[in-house]
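Scroll down for the structure; my scribbles are underneath it.
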Amino acid sequence: KNLKKITAEREKQDWVKTGQTELGKTMRGEQNLLTLTQNIINFLAAYMKAAVGVFYLAQSDGFKLISSYAYKIRNNNYTEFKLGEGLVGQAALEKKSIVYTHLPQEQSHLTINSGLGETFPLNIFVLPLILEDNVLGVLELGTSNDFSNIEIEFLDRIANDIAITLNTTH
């Protein structure tokens, strides 16, 4: 029983380390900001099995949507947030991640779209990307599943790596 527990923990840590390594490869090399952010959100959505994701970049007066994964922009969607507005602005203001679970459908601005129709994510993870106390961007991922502790740990671990890469690309 103890061996199973140790093996399961090792597998979780291997998953985190593999994700960090693969993300590092995704961010490596000369990339313009749009390509970099698109590559990051594509990788994270696939690795986390997220159905939808958005990448907001810090602007002079807030945060603007720059890249997305399976996100459909409509009239009622938000593509910009000021500090403290919505979950994106709140995560940036507090400089900490926000996990919002069991989201009521009428409150979600993210939708999961496919050829078969659309639904809403039940869970959202909002991750500010902070370097030297400055929020450079905010990532938001939506899923139909709960985020596990190991997935949250992974996202928190990679936030600094992404912020450093954004800073050097900017």
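In table form, for the structure just shown:
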quantity	calculated
Protein-only accessible surface order, largest first, of I6, I150, I124 at 1.4 Å	I6, I150, I124
Debye intensity ratio I(q)/I(0), log10, the chain, q values 0.20 Å⁻¹ (C-alpha model)	-1.40
Summed side-chain charge close to Y47 - residues other than Y47 whose Cβ falls under 10 Å, Lys, Arg +1, Asp, Glu -1	-1
Segment Q59-I150, length gained on full extension (0.36 nm per residue, minus Cα span)	29.7 nm
Residues in region 144-163 that a label on Q13 would reach, taking backbone N under 20 Å of a point 7 Å out along Cα→Cβ	148-159
Of V126, V54, V16, the one that fluctuates the most in a GNM where the chain has Cα springs shorter than 10 Å	V16
Full-stretch length increase - E94, E22 - with 0.36 nm per residue and alpha-carbon distance subtracted	23.1 nm
Estimated vicinal HN-Hα couplings, Hz - region 43-51 in sequence order (Karplus 6.51, -1.76, 1.60; Gly, Pro = x)	4, 5, 4, 5, 5, 8, 6, 7, 7
Exceeding the 23 Å Cα-Cα cut-off - candidates K4/K96; K12/K72; K12/K49; K12/K95; K64/K96	K4/K96; K12/K72; K12/K95
Two-decimal Rg to Rh for region 7-85 - Kirkwood Rh, Cα set	1.06
Rounded accessible area per residue of the chain, 1.4 Å, Å²	56
Under 5 Å, built H, 5+ apart or other chain: amide partners of E85	Q90
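The values are calculated or read from the model by the stated rules, or taken from the named source; none is laboratory data. Because the structure is a prediction, the values reported are computed rather than measured. Every residue, glycine as well, gets a Cβ built from its backbone with ideal geometry; the counts of neighbours run over all protein chains shown. To get the accessible areas, we keep the full protein, side chains included, count just its heavy atoms, and leave off ligands, DNA and RNA. Shrake-Rupley method; radii C 1.70, N 1.55, O 1.52, S 1.80 Å.
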